[in-house]
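Data block below; observations after.
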Amino acid sequence: MSEFDFLADARADVARACRILARQGLVDGILGHVSLRVGRDRLLVRCRGPHERGLLFTRPEDIRLVDLDGHGDLDGYAVPNELPLHTEVLRERPEVGCVVHAHPPKVVAADLAGVALRPLVGAFNIPATRLAAGGIPVYARGVLIRRRDLAAEMLAAMGDRPVCVLRGHGLTATGATLEQAVIRALNVDELARICLEVAQAGGDPADLPAEDLAELPDLGSTFNDTLLWQYHTARLAHDGMDV
Ligand SMILES: [Zn+2]
């Protein structure tokens, strides 16, 4: 495959990721973005152009190729104000191939309500449970992450975990692949929904017992990420919402 064909396919997939996040309620309007590493020091990132229509209607041409300082073939598009959130992760975490940043209301509400994203459920959603069991850190500042020093603070809060809640703001989710990062973002949102609903119903259950957690298999990235990605992209196509 030529680099041109690779980039065209990758742009379409990043645009689909933005549409999926919007349809699942993790982003509203024009706020939020997805980036995908291309080689050592470039990334495709969702930008805003003169005909911006929001994440739900992201088109492949909204996804621009830039370097880690945000320079590239922008052609009238602007990189996100929070580009450093993406580029610092890509600089500091070589295993990361994709970064998702979204403003999911349930994740923000759960954190502000003091409802921790704990592993309450088990086989209901195994990847989400394992994510919660490993700990979901919180970056405790509600700032716009528009400078490298702020992105470095977020990374410090994140540690070696793949996701991070941003207090009063949203979330950052990473993955080796686009599919993995998107599904992790969806799983954090799912955890927030369950934990909030349990708390609102007056429940205060203990975490899943350790022996049950140990019994939950890791079904692998094909099952956890690829098949769900295929489901969500099929839904886009079914509803006439593919890019
Ligand atoms: Zn943001």
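None of the figures in this text is laboratory data; all of them are computed from the coordinates on show. The model shown is predicted, which means the values in this text are computed figures rather than measured ones. Here the Cβ positions follow ideal geometry from the backbone for every residue, glycine too, while neighbour counts run over all protein chains shown.
Numbers at a glance
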| read-out | value |
| --- | --- |
| Most positive-pole-ward Cα, Gly49, Cys98, Gln24, against dipole of segment 3-235 from beta carbon charges | Gly49 |
| Given charges at beta-carbon only (K, R positive; D, E negative), |dipole| of segment 53-139 in Debye | 580 |
| Formal net charge of residues neighbouring Pro94 (Cβ-Cβ distance under 13 Å; K, R +1; D, E -1) | -1 |
| Those residues of segment 1-40 whose amide nitrogen sits under 14 Å from the label point placed on Ala237, 7 Å along Cα→Cβ | 13, 16 |
| Highest-MSF residue in the chain out of Val188, Val108, Val34 [GNM, Cα springs under 10 Å] | Val108 |
| Relative exposure of Asp62, Asp9, Asp207, judged by other C-beta atoms within 10 Å (fewest first) | Asp9, Asp207, Asp62 |
| Dipole of the chain, positive direction: furthest Cα of Val66, Gly142, Pro209, with charges on the beta-carbon | Gly142 |
| Estimated dipole of the chain in Debye, rounded to 20 [Cβ of Lys and Arg +1, of Asp and Glu -1, Cα centre] | 560 |
| Nearest-20 debye value, segment 21-96 charge dipole, Cβ charges on Lys, Arg, Asp, Glu | 240 |
| Percentage relative contact order, the chain, counting C-alpha pairs under 8 Å, at least six apart | 21 |
| Positive-end residue, the chain charge dipole about Cα centroid, Cβ charges, pick of Ala185, Pro162, Val107 | Val107 |
| Shape box of segment 3-235 [Cα atoms, principal axes, largest first, Å] | 53, 35, 31 |
